[in-house]
Amino acid sequence: MKRNKKFVLVLMSLMVMSLWLAACGSNNKNEAANNAATNAPAATEAPTERTLTDALGNEVTVPANPQRIIASYLEDHLVALGIKPVAQWSVPNGIQDYLKDSLADVPTIGYDLPFEAVTSFDPDLILMAYDSNVEGDKFAQYSKIAPTFTIGDKLTADWRAALLKVGEVVGKSEEAQKALDAYDVKAKDAKEKIQGVAAGESAAALWFVQGSFYIVSEKLSSGDLLYNQLGLAVPEVVKEISAAGTGNWNAIPLEKLAELDADHLFLINSGTDADSQALSDPIWQNIPAVKNGKLYEYPSTSSWLYAGTIAYSQVIDDVLESIVK
């Protein structure tokens, strides 16, 4: 009987000790867990803004994810990035019509961006295309409304670089590169199709406005697309006018057009009925491309006068429609 009592006492002691050890272990684990939680680095929140340096050397603090952007004359790049601005560029006689499908419900703002008008749209980011947009005290005035970042003359003249910079500023660098890559694939495919039916053939683009003709530069605007990207040959007249001119489109007299030896001629017609006499002139009618039925006419609302992945994609479609068919 004593043995049984002693056995029971020993067993109870062991059970109490086991419970005590288990409790100690649990407390140690909880303490370790608490210590680990205390010592673990705190989760970092995504930054809500970034500081970038614009083309004029201004350090600008921009929202990490801007929602209300005004980017006058940079809308092509915004559309390529899947962004709809709160207002779009306009002049008294129109807008960038080639973007109308993407910006149909976006109100207009004057090209000179009046301060009151800009304020009324309550932007959280203003992107300026050109240095002159912020000359004098304009930068300070716009900066009071919203962070103002200038892309600058140099980058704006290079549509690829401009798209990448806009993408960087609005936090969509990856999307900007994807847009360029997709465009390059389209341009390469178009070049192969054109070279398959018109290898070695030349082309020129003319802009007719207010009774005068302007010819596209060999290395700028739609000229870069026709000659560099699509591989069409450069007529001698285009080379000559480009060497003497400085703009994307340079004036060319009707008499000089008589020397235009292009196999294909693209005409962007911004003329009115009163201007049409020039298109009836015998000199115009005797241009080889006109005589041979290789004149392709597009309205001023087309994208030929603009630059960007959207504009140039539409120009490529026009060229394919005209030459490859």
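The values are calculated or read from the model by the stated rules, or taken from the named source; none is laboratory data. This one's a predicted model, so the numbers in the text were calculated from it and none came from an experiment. Using ideal geometry, Cβ is built from the backbone for each residue, glycine included, and neighbour counts are taken over all protein chains shown. Please note that ligands, DNA and RNA were not included when accessible areas were found on the heavy atoms of the full protein model with its side chains. Shrake-Rupley method; radii C 1.70, N 1.55, O 1.52, S 1.80 Å.
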Handout entry: Looking only at the range 225-258, and only at residues there that are of a type in the set (D, E, K, R) and at pLDDT below 95, the one that is farthest from Glu201 (Cα to Cα)
Key = Glu255
Practice task
Return yes or no: is Asn292 within 15 Å of Ala204 (Cβ to Cβ) and surrounded by 14 or more Cβ atoms within 10 Å (Cβ to Cβ)?
Solution key: no
Completion exercise
Only one of (1) over 25 Å from the mean Cα position of the chain (by Cα); (2) loosely packed, with under 13 Cβ neighbours inside 10 Å; (3) outside any helix (DSSP H, G or I) does not apply to Leu260, and that is (2)
Problem - Checklist (1) within 28 Å of the chain's Cα centre (by Cα); (2) surrounded by 15 or more Cβ atoms within 10 Å (Cβ to Cβ); (3) farther than 14 Å from Trp207 by Cβ applied to Glu321, failing item - result: (2)
Handout entry: Candidate set: the range 263-280, residues that are open to solvent by 50 Å² or more (accessible area, probe 1.4 Å) and either over 23 Å from Ser322 (Cβ atoms) or in contact with a helix residue (DSSP H, G or I) (Cβ under 8 Å, 6 or more places away or on another chain) (or both); chosen: the one modelled with the highest pLDDT
Key = Asp263
Handout entry: Within the range 212-251, considering residues that are open to solvent by 10 Å² or more (accessible area, probe 1.4 Å) and within 21 Å of the chain's Cα centre (by Cα), the one farthest from Lys193 (Cα to Cα)
Key = Asn248
Practice task
Could you please tell me which pairs satisfy a Cβ distance under 7 Å, a separation of 6+ or placement on different chains, a first residue in the range 290-318 that is of a type in the set (A, V, I, L, M), and a second residue that is not in a helix (DSSP H, G or I)?
Solution key: Val290/Leu265; Leu295/Leu265; Leu295/Leu267; Leu305/Trp207; Leu305/Ile268; Ala311/Ser303; Val315/Ser303; Val315/Trp304
Completion exercise
Picking from Gly167, Gly171, the residue that is open to solvent by less than 40 Å² (accessible area, probe 1.4 Å), of a type outside the set (A, V, I, L, M), more than 15 Å from Gly57 (Cβ to Cβ) and in contact (Cβ under 8 Å) with a residue 40 or more places away in the chain would be Gly167
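How many residues does the range 67-84 contain that are over 16 Å from Asp153 (Cβ atoms) and surrounded by fewer than 24 Cβ atoms within 10 Å (Cβ to Cβ)?
Filtering the range 67-84 for residues over 16 Å from Asp153 (Cβ atoms) gives 67-70, 75-76, 78-84.
Narrowing further to those that are surrounded by fewer than 24 Cβ atoms within 10 Å (Cβ to Cβ): 67-68, 79, 81-84.
Total meeting the criteria: 7.
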Exercise for the section: Output the residues belonging to the range 123-157 that are of a type in the set (Ser, Thr, Tyr) and within 21 Å of the chain's Cα centre (by Cα). Expected result: Tyr130, Ser132, Thr148, Thr150, Thr156
